[in-house]
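To keep things clear, I will list the structure first and then write my remarks on it.
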Amino acid sequence: MRRIIFVDDEQELLDSLRARLYKRRNVWEMVFVNSAAAAFEAMEQRTFDVIVTDVRMPGMDGRELLSKVKTRWPEAVRIVLSGFAEQAQLLQLVSLAQQYLSKPCDTQQLENTIERCLQLRGLLHGESLRAVVGRVGSLPTMPKVYAQLQAVLADPAVSTAKVAEVVARDPAIAAKILQVVNSAFFRHPKTITRIKDAVTHLGFGSIRNLVMSAEIFAKWEHAAGPQRLDSEQLQTHALATAAACAALAAGTPLAEDAWLVGLIHDIGYWVFIQQNSKQLVQVLETAEQQHISSYEAEQRVIGATHAEAGAYLLGLWGLPYPLVEAVAYHHAPRAVAQNSFDLLGILVTAHSLLDGHRHALQISSELEADLDQAYFASLNPPYDLEEARRRVHAACSQTPS
């Protein structure tokens with residue numbers, strides 16, 4: 001049975017939550033406390049899977065509590081449920097909480113958010129690996145892109161399109177901005193996945209505050225560790241995959257999401273580089289010595305793959321399920337039942353046809369370029385494999401290798 005702790009200094013609200021969630025008593029063990037200090041004491045005595053907390057509380061507030069939880073129990077999912085809506089305060093929580101819900105919160109929304117986070121835990125087997133992702137507050141950004149974004153944001157005449165163009169070149173910045181804009185505090189009726197829409201909705205001021213925060217974005221050179229982990233190659237691969245995915249989805253409603261899923265599909269490497277850079281070197285050595293794929297070597301050395309870690313992080317951040325699913329299974333697509341050319345199918349096809357756009361963590365013995373034709377046909381694509389190759393080749397010819 002999953003264990004969840006709710007923290008709020010308003011006893012009336014806690015009583016209301018207890019009554020509304022009573023039907024969940026057979027699947028969730030729930031604890032309700034009226035102070036951060038009481039929550040911290042309870043978590044020292046028992047293990048909790050999820051913490052849902054208010055922010056404004058006397059004594060230790062929610063920010064301090066979440067900071068302590070992130071350090072002591074990073075495997076616990078951290079959710080903010082609060083009544084404030086100031087963007088400045090929200091941005092202070094970006095490196096601490098994984099989900100943000102606004103009061104008053106619909107019971108179904110709260111249940112769905114908690115349940116989805118609990119289901120995501122199945123992607124990473126083992127408390128230690130969930131803790132690795134749970135510790136992530138900042139992600140390394142590409143130095144060139146980070147500098148470009150700082151420059152355009154300093155230009156008073158810059159356009160939304162230009163800012164979005166730069167954001168769309170960095171997986172970490174793009175994913176974090178989408179996490180923030182889709183939080184309940186912005187009360188947007190639909191999930192935003194288009195980066196230009198996210199930039200418009202957040203505004204340049206908020207994006208500037210995000211980008212300038214050292215707690216949210218780290219410099220790559222401080223996080224990359226061993227020189228063998230080439231950030232430029234990872235960026236080139238991400239951009240090539242994004243361009244290939246967009247080309248495959250051109251003319252369909254999935255075109256915008258296709259670029260995004262290609263851009264962020266390897267964000268699990270950003271997690272591992274930040275938290276497990278030495279183990280990544282072991283992954284490369286194991287793959288070469290045992291003549292296996294780096295994907296398989298990740299399972300042996302780390303206990304999880306970059307695909308699983310990335311999907312878990314993106315899921316905790318509240319990105320849409322089709323994106324999370326595509327990231328999770330882009331190396332193992334047959335684990336998911338498919339009969340349409342969806343984001344997963346597009347990503348797998350693009351990834352498989354990207355000759356010459358590999359990176360340091362894809363060793364030469366991997367045979368991903370040989371796309372399984374039976375798999376491709378099972379997706380009922382709108383064109384044949386040769387057209388897919390033509391589209392990917394055309395897209396990649398315009399992307400630096």
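The values are calculated or read from the model by the stated rules, or taken from the named source; none is laboratory data. Worth saying up front: this structure is predicted, and the values here are computed from it rather than measured. Note: ideal-geometry Cβ built from the backbone for every residue, glycine included; neighbour counts use all protein chains shown.
Evaluate the stretch 323-334: report whether one residue or more is in a loop (DSSP other than H, G, I, E, B) and among the aliphatic types (A, V, I, L, M). Yes, the stretch 323-334 has at least one match.
Where helices (runs of 4 or more DSSP H) sit wholly within the stretch 63-144, those with at least 1 residues that are modelled with pLDDT of 85 or more and within 20 Å of the chain's Cα centre (by Cα) occupy 107-120, 127-134. Within the stretch 157-172, track down each residue that is modelled with pLDDT of 90 or more, buried (at least 18 other Cβ atoms within 10 Å of the Cβ) and in a helix (DSSP H, G or I). Matches in the stretch 157-172: V163, A164, V166, V167, P171. The residue that is surrounded by the most Cβ atoms within 10 Å (Cβ to Cβ), among those in the stretch 1-13 that are modelled with pLDDT under 95 and closer than 26 Å to R121 by Cα, is R2. Cβ contacts < 6 Å: first residue in the same structural domain as G345 (by TED's automatic domain parsing) and under 10 Å from V271 (Cβ atoms), restricted to the stretch 301-326; second residue buried (at least 21 other Cβ atoms within 10 Å of the Cβ) and of a type in the set (S, T, Y), any location; separation 6+ or different chain. Result? Every condition considered, the pairs that remain are H306/Y269. Is there a residue being within 30 Å of V211 (Cα to Cα), touching a residue at least 40 places away in the same chain (Cβ under 8 Å), hydrophobic (A, V, I, L, M, F, W, C) and crowded, with 16+ Cβ neighbours inside 10 Å anywhere in the stretch 23-37? No, the conditions are met nowhere in the stretch 23-37. Of note, Q362 satisfies the criterion of being at pLDDT below 85 and not assigned by TED's automatic domain parsing to the domain that holds A76. Residue count for the stretch 269-291 satisfying the condition of being free of Cβ contacts under 8 Å to residues at least 24 places away in the same chain, closer than 25 Å to E75 by Cβ and touching an Asp or Glu at 6+ places or on another chain (Cβ under 9 Å): 1. So is I346 surrounded by 13 or more Cβ atoms within 10 Å (Cβ to Cβ) and at pLDDT below 90 or not? Spelling it out, it is not the case that I346 is surrounded by 13 or more Cβ atoms within 10 Å (Cβ to Cβ) and at pLDDT below 90. The single condition from (1) farther than 22 Å from S206 by Cβ; (2) touching a Leu at 6+ places or on another chain (Cβ under 9 Å); (3) of a type outside the set (D, E, K, R); (4) not in a helix (DSSP H, G or I) that F40 fails is (4). Scanning the stretch 295-316 for residues that are in a helix (DSSP H, G or I) and surrounded by fewer than 23 Cβ atoms within 10 Å (Cβ to Cβ) returns Y295, E296, Q299, R300, V301. Pairing each residue of the stretch 1-14 that is free of Cβ contacts under 8 Å to residues at least 40 places away in the same chain with any residue that is of a type in the set (V, I, T) and surrounded by fewer than 23 Cβ atoms within 10 Å (Cβ to Cβ), provided the two are 6+ apart or on different chains, yields C-beta distances under 7 Å for M1/V27. If the condition is being assigned by TED's automatic domain parsing to the domain that holds T53 and farther than 30 Å from V301 by Cβ, then the stretch 108-167 contributes Q108, Q109, L110, E111, N112, T113, I114, E115.
Contact map, the stretch 58-77: residues that are free of Cβ contacts under 8 Å to residues at least 40 places away in the same chain paired with residues that are of a type in the set (D, E, K, R) and buried (at least 20 other Cβ atoms within 10 Å of the Cβ), Cβ distance under 9 Å, separation 6+ or inter-chain. Pairs shown: D61/D54; L66/R78; V69/R78.
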